[in-house]
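Visitor: Okay, handing you the structure first.
The values are calculated or read from the model by the stated rules, or taken from the named source; none is laboratory data. Every value quoted in this text rests on a predicted model; they were computed, and no experiment measured them. Cβ placement follows ideal geometry from the backbone for every residue including glycine, while neighbour counts extend to all protein chains displayed.
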Ligand SMILES: [Zn+2]
Ligand SMILES: [Zn+2]
């Protein structure tokens, strides 16, 4: 049996770089030789606490780029050698939602690098030398897009959709809560789409500095400054839209305080704790709450923004490490004691 190097998750706090069998592409599948894989905030969360979405043993990695090196039966030979990224949403193609093109809402969906779906079947991801995925999930790259940047296509598509979700209007005053990689990429898209005043909040200074570089007009540390100070930037009226990318449950209540009457709150981060909300406040102030989950075909659209140099990914990628260092990196990143934004793994 042919072997390869991979990073295997064995439960909260446990991860190892080891030899595993190299996967063989089945009917309709291709084998991608991974070049770069990016560590997602959700990977770090699963590493810390674990969940049904990541039953061990599992190879993480749903944000990656590479080259098609092998094809299974029924796949066109032209795929061989193609430079690609991968849409990790493994949708069924048959259900009500899939028929409407809403693959992110497919009830039967599974995901690369996760154990989603009814059977919680393991779908190994890109933290490995090779990964097999269905041909339909390939996103071919344009020549101008580097493998490094292509490893960010998936989260970029998430942010592209989140930035447009809800009652988007040109010139709006918008607040982005949380300036991790998702918040920062949302800010870049808001700027491109023509939002007016963009305000960012977080509790970590270096992330707020990055937010300013990404186009936020104001970046406020809400650990040091009161919420009133944020509200003042709207003449105490509140923001047209608040986009929540932070994961502390308290941000939900704050978002309600900071949005204007009739405004919209877009939830992007997966906050797992219950949060108490008084429905009267939603009704009486005519607020709208939107969930923004993944995307459908937007990975393709995002490529053009990279080609046209409209996005600055140097402000997002903070370091690149060899795949072998992943177990150490996860330890460091989950401790919160670091100054990383987005970490890429280089796979040889
Ligand atoms: Zn992700
Ligand atoms: Zn479906």
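Visitor: How many residues are in contact (Cβ under 8 Å) with a residue 60 or more places away in the chain and in contact with a strand residue (DSSP E or B) (Cβ under 7 Å, 6 or more places away or on another chain) if we restrict to region 266-280?
Guide: Total meeting the criteria: 3.
Visitor: Can you tell me which residues in region 69-87 are under 28 Å from residue 119 (Cβ atoms) and under 23 Å from the mean Cα position of the chain (by Cα)?
Guide: 84, 85, 86, 87
Visitor: Can residue 34 be described as within 16 Å of ligand 1 (Cβ to nearest atom) and assigned to a strand (DSSP E or B)?
Guide: Taking the combined requirement at face value, the residue satisfies it.
Visitor: Sort out for me the strands (runs of 3 or more DSSP E) sitting completely within region 240-348 that have 1 or more residues that are over 19 Å from the mean Cα position of the chain (by Cα) and crowded, with 22+ Cβ neighbours inside 10 Å.
Guide: Per the criteria, 259-267.
Listed here are the residues, each with its yes/no results for (1) away from ligand 2 (no atom under 16 Å from the Cβ); (2) crowded, with 24+ Cβ neighbours inside 10 Å; (3) closer than 11 Å to residue 131 by Cβ; (4) modelled with pLDDT of 95 or more.
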position	(1), (2), (3), (4)
44	yes, no, no, yes
52	yes, no, no, no
77	yes, no, no, yes
82	yes, no, no, yes
87	no, yes, no, yes
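Visitor: Further question: Looking at (1) in the same structural domain as residue 165 (by TED's automatic domain parsing); (2) on the phi > 0 side of the Ramachandran plot, find the lone condition where residue 278 falls short.
Guide: Just one mismatch for residue 278, condition (2).
Visitor: Got a number for residues in region 93-109 being touching a strand residue (DSSP E or B) at 6+ places or on another chain (Cβ under 9 Å) and either within 15 Å of ligand 1 (Cβ to nearest atom) or over 22 Å from residue 43 (Cα atoms) (or both)?
Guide: Summing the residues that are touching a strand residue (DSSP E or B) at 6+ places or on another chain (Cβ under 9 Å) and either within 15 Å of ligand 1 (Cβ to nearest atom) or over 22 Å from residue 43 (Cα atoms) (or both) in region 93-109 gives 2.
Visitor: Would you say residue 47 is assigned to a strand (DSSP E or B) and touching a residue at least 12 places away in the same chain (Cβ under 8 Å)?
Guide: When the stated conditions are applied, residue 47 does not pass them.
Visitor: Then there's this: Given the criteria at pLDDT 95 or above, away from ligand 1 (no atom under 14 Å from the Cβ), part of a loop (DSSP other than H, G, I, E, B) and over 21 Å from residue 23 (Cα atoms), does residue 144 qualify?
Guide: yes
Visitor: In this structure, does residue 63 turn out to be modelled with pLDDT of 95 or more, away from ligand 1 (no atom under 14 Å from the Cβ) and either in contact with a strand residue (DSSP E or B) (Cβ under 6 Å, 6 or more places away or on another chain) or within 22 Å of residue 155 (Cβ to Cβ) (or both)?
Guide: Taking the combined requirement at face value, the residue does not satisfy it.
Yes/no matrix, rows are residues, columns are (1) within 16 Å of ligand 1 (Cβ to nearest atom); (2) surrounded by fewer than 22 Cβ atoms within 10 Å (Cβ to Cβ); (3) over 21 Å from residue 269 (Cα atoms):
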| position | (1), (2), (3) |
| --- | --- |
| 167 | no, yes, no |
| 171 | no, yes, yes |
| 186 | yes, no, no |
| 200 | no, no, no |
| 228 | no, yes, yes |
| 231 | no, yes, yes |
| 236 | no, yes, yes |
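Visitor: Any residue at all in region 120-134 that is in contact (Cβ under 8 Å) with a residue 60 or more places away in the chain, farther than 12 Å from residue 64 by Cα, within 16 Å of ligand 2 (Cβ to nearest atom) and assigned to a helix (DSSP H, G or I)?
Guide: Checking region 120-134: not a single residue is in contact (Cβ under 8 Å) with a residue 60 or more places away in the chain, farther than 12 Å from residue 64 by Cα, within 16 Å of ligand 2 (Cβ to nearest atom) and assigned to a helix (DSSP H, G or I).
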